[in-house]
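Notes follow the structure.
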Amino acid sequence: MPVVAINMMIRFYKIEGKDYQLSDSGIMNVSLSKEEQSILEQMLSINWHIQENTNDFTINVLLK
């Protein structure tokens with residue numbers, strides 16, 4: 001499990017399979033508030049980026 005997924009569980013109380021899906025390219029379909037998303041952006045290293053899904057207001061955290 002990538003460190004970013006572990007941080008998601010600890011910091012934002014998100015559970016894999018319930019709150020997000022883990023894929024080969026990153027974390028998919030996670031729902032965060034704007035405040036949580038801002039915190040996550042500060043936590044991510046430069047090899048990750050956030051992709052917003054406008055159809056369901058979730059985000060993907062993907063490797064660059």
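The values are calculated or read from the model by the stated rules, or taken from the named source; none is laboratory data. Since this is a predicted model, take the numbers as computed values, not measurements. Here the Cβ positions follow ideal geometry from the backbone for every residue, glycine too, while neighbour counts run over all protein chains shown. For accessibility, only protein heavy atoms count, side chains too; no ligands or nucleic acids. Shrake-Rupley method; radii C 1.70, N 1.55, O 1.52, S 1.80 Å.
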At a 1.4 Å probe, what is the % contribution of carbon and sulfur to the accessible area of the chain? 53 percent
Here the percent of antiparallel bridges among DSSP beta bridges lying wholly in the chain, to the nearest 5, is 90 percent
Over the heavy atoms of residue 15, what accessible area does a 1.4 Å probe trace out, to the nearest 10 Å²? 90 Å²
Loop-only chymotrypsin sites (Phe, Trp or Tyr not before Pro) in the chain, please: DSSP not H, G, I, E or B, and at most 16 other Cβ atoms within 10 Å. 13, 57
If you take the square roots of the eigenvalues of the alpha-carbon gyration tensor of the chain and sort them as a ≥ b ≥ c, do you get rounded (a/c under 1.5), prolate (a/b over b/c) or oblate? rounded
Relative contact order, percent, of the chain when contacts are C-alpha pairs under 8 Å separated by at least 6 residues? 28 percent
For the chain, what is the accessible area per residue in Å², given a 1.4 Å probe and the full set of protein chains? 67 Å²
Summed side-chain charge close to residue 34 - residues other than residue 34 whose Cβ falls under 12 Å, Lys, Arg +1, Asp, Glu -1: -4
Quick one: what are the phi-derived ³J(HN,Hα) couplings along region 47-57, Karplus 6.51/-1.76/1.60 with θ = phi - 60°, whole Hz, x for glycine and proline? 8, 10, 9, 9, 10, 8, 9, 6, 6, 9, 6
